[in-house]
Amino acid sequence: MKDDTKTIVFVVTFGLPVLVLAFIFGLYAFGCGTTDSCTGIEKPVVTPIPTLVAATMPAPKVGAEAGPLVIKCQVTAVDLIGAWVEAGVPETDSFQFTDMKGQTCTATFAGDVQRLFSEANLWFSGASACTTCHYADIEKATFNLDMSSYAGILAGSQRKDGAATGVDILGGGEWESSLLYQMVYAPNGESTIGRQIMPLGRPASVPAKGPVIFAGTPVELSGE
Ligand code: HEC
């Protein structure tokens, strides 16, 4: 055999096992260090992943358990008051009206109509409630009109010196000829009788029949 062939045979038969042994020893040295109590390579400290808290949302209720439906009808403020007046101004009984989608709906004075007079920002953003000016102290209220209660609205305006009744603002049940209608119906932002439109300060951008509001319930859903 030639000399360099001998070298290759030597390297393979002795060098390779030495390398393998050195590798195994290296592993041992890394894992166990210089001690003979080998416990293996320490695992790195891992931050535990927090266990998610179980969601505790109550199961949604369905069917009759879900309670009354909150589906409302949509109607203009003026049309809603009109339906109430034409129905004979019921104090507690419900009355019907046709909403913008053409469905028959039912509403009440306390639940649907009263807030048109007692809520600020309803007719337009920044609007005072009617009751800011037309309130229960009729001697001081504007035009001696009290819009804050059923009785006050029926008693009318211009109740000078606290009179029990004054000028009927409800047109005797004929909505479109009533003073109330003439004060709140304002095509192009102007009243049809040349007076200031209500609520006072109402801009021309408010539609003729006031804002479209959610009110009442569709008759099919109301159970009436
Ligand atoms: C900031 C005060 C104010 C607010 C708010 C207000 N009014 Fe008036 N109201 C007046 C004034 C002032 C007049 C007289 C206007 C005129 O003659 O041009 C008046 C007149 C009226 C009249 C006529 C009374 C009569 O005998 O001639 C009615 C009806 C009326 N208001 C209803 C309402 C309704 C309904 C609202 C709410 C949608 C309302 N007002 C909000 C001040 C107010």
Residue list for region 146-205, restricted to those being outside any loop (DSSP other than H, G, I, E, B) and aliphatic (A, V, I, L, M): Ala151, Ile153, Leu154, Ala155, Val167, Leu179, Leu180, Met183, Val184
Pairs, first outside the structural domain of Gln182 (by TED's automatic domain parsing) in region 74-94, second assigned to a helix (DSSP H, G or I) and more than 13 Å from the ligand (Cβ to nearest atom), C-beta under 9 Å, six or more apart: none
Identity of the residue in region 133-166, within 13 Å of the ligand (Cβ to nearest atom) and of a type in the set (D, E, K, R), that ends up surrounded by the fewest Cβ atoms within 10 Å (Cβ to Cβ): Lys140
Among the residues of region 150-168, are any farther than 17 Å from Ile138 by Cβ and among the aromatic types (Phe, Trp, Tyr)? no
Does at least one position in region 171-185 carry a residue that is within 13 Å of the ligand (Cβ to nearest atom) and touching a Pro at 6+ places or on another chain (Cβ under 9 Å)? yes
Strands (runs of 3 or more DSSP E) contained entirely in region 59-130, each with at least 1 residues that are more than 12 Å from the ligand (Cβ to nearest atom), at pLDDT 95 or above and more than 23 Å from the chain's Cα centre (by Cα): 95-98, 104-107
Which residues, counting only those in region 186-217, are under 25 Å from Gln103 (Cα atoms), of a type outside the set (Gly, Ala, Ser) and within 13 Å of the ligand (Cβ to nearest atom)? Val206, Lys209, Pro211, Ile213
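The values are calculated or read from the model by the stated rules, or taken from the named source; none is laboratory data. These numbers were taken from a predicted model, which means no experiment stands behind them. Glycine also receives a Cβ, built like all others from the backbone with ideal geometry; neighbour counts cover every protein chain displayed.
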